[in-house]
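The values are calculated or read from the model by the stated rules, or taken from the named source; none is laboratory data. Bear in mind the structure is a predicted one, so any value in this text is a computation, not a measurement. Methodologically, a virtual Cβ is constructed for each residue, glycine included, from the backbone with ideal geometry; neighbour enumeration extends over all protein chains shown.
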């Protein structure tokens with residue numbers, strides 16, 4: 001029986017995020033602007049049931065949130081998950097600290113690097129992967145004002161090139 005679909009095989013980069021079971025929830029655009037991301041790490045997120053339901057409805061805000069290493073554990077601090085409106089008797093505190101799950105090796109490596117001058121941990125995006133809540137944590141260095149201006153110039157130039165190419169088609 002012939003296989004339906006395109007002729008492309010499933011190589012290493014052939015799968016899209018939707019095919020991998022990734023459903024985006026929230027991106028931290030401020031972190032991308034304020035910081036230069038040096039390294040990325042995917043962590044699990046410990047949540048309550050009402051928090052998961054609220055996140056699935058888009059009730060998450062990562063502005064002004066950060067990741068802290070306390071006593072060998074990673075914590076997401078300052079992330080706001082709105083109350084779930086059909087919660088019944090169960091509810092959660094919207095701004096509580098939430099534990100992140102990572103391997104011990106990664107925790108010690110990140111903890112060591114954070115103690116270096118000028119490095120911080122910032123949540124870059126939150127998504128569901130195969131039904132589990134995940135946070136992409138970035139090891140970041142703060143950008144100077146001239147770096148921010150330069151990145152904005154590059155972004156505008158790419159946008160203009162894209163517009164010019166679309167007009168030619």
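A few notes on this one:
- Among the residues of segment 60-87, those that are over 15 Å from the mean Cα position of the chain (by Cα) and more than 19 Å from residue 103 (Cβ to Cβ) comprise 82, 83, 84, 85, 86, 87.
- Tally of residues being closer than 12 Å to residue 100 by Cβ and part of a strand (DSSP E or B) across segment 39-48: 5
- Among the residues listed as 51, 106, 64, the single one being out of contact with any helix residue (DSSP H, G or I) (no Cβ under 7 Å at 6 or more places or on another chain), at pLDDT 85 or above and not in a strand (DSSP E or B): 106
- Filter result for the condition that a residue is buried (at least 17 other Cβ atoms within 10 Å of the Cβ), without any contact (Cβ under 8 Å) to a residue 60 or more places away in the chain, closer than 17 Å to residue 29 by Cα and touching a strand residue (DSSP E or B) at 6+ places or on another chain (Cβ under 6 Å), over 139, 124, 76, 100: 76
- Any hit, segment 154-161, residues being part of a strand (DSSP E or B) and either without any contact (Cβ under 8 Å) to a residue 60 or more places away in the chain or touching a helix residue (DSSP H, G or I) at 6+ places or on another chain (Cβ under 7 Å) (or both): no
- Test: residue 112 is free of Cβ contacts under 8 Å to residues at least 12 places away in the same chain and surrounded by 10 or more Cβ atoms within 10 Å (Cβ to Cβ): yes
The rows are residues; the columns are (1) under 15 Å from residue 135 (Cα atoms); (2) surrounded by fewer than 17 Cβ atoms within 10 Å (Cβ to Cβ); (3) touching a residue at least 40 places away in the same chain (Cβ under 8 Å); (4) out of contact with any strand residue (DSSP E or B) (no Cβ under 6 Å at 6 or more places or on another chain).
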{"position": "29", "(1), (2), (3), (4)": "yes, yes, no, yes"}
{"position": "41", "(1), (2), (3), (4)": "yes, no, yes, no"}
{"position": "50", "(1), (2), (3), (4)": "no, no, yes, yes"}
{"position": "56", "(1), (2), (3), (4)": "yes, yes, yes, yes"}
{"position": "62", "(1), (2), (3), (4)": "yes, no, yes, no"}
{"position": "65", "(1), (2), (3), (4)": "yes, no, yes, no"}
{"position": "71", "(1), (2), (3), (4)": "no, yes, no, yes"}
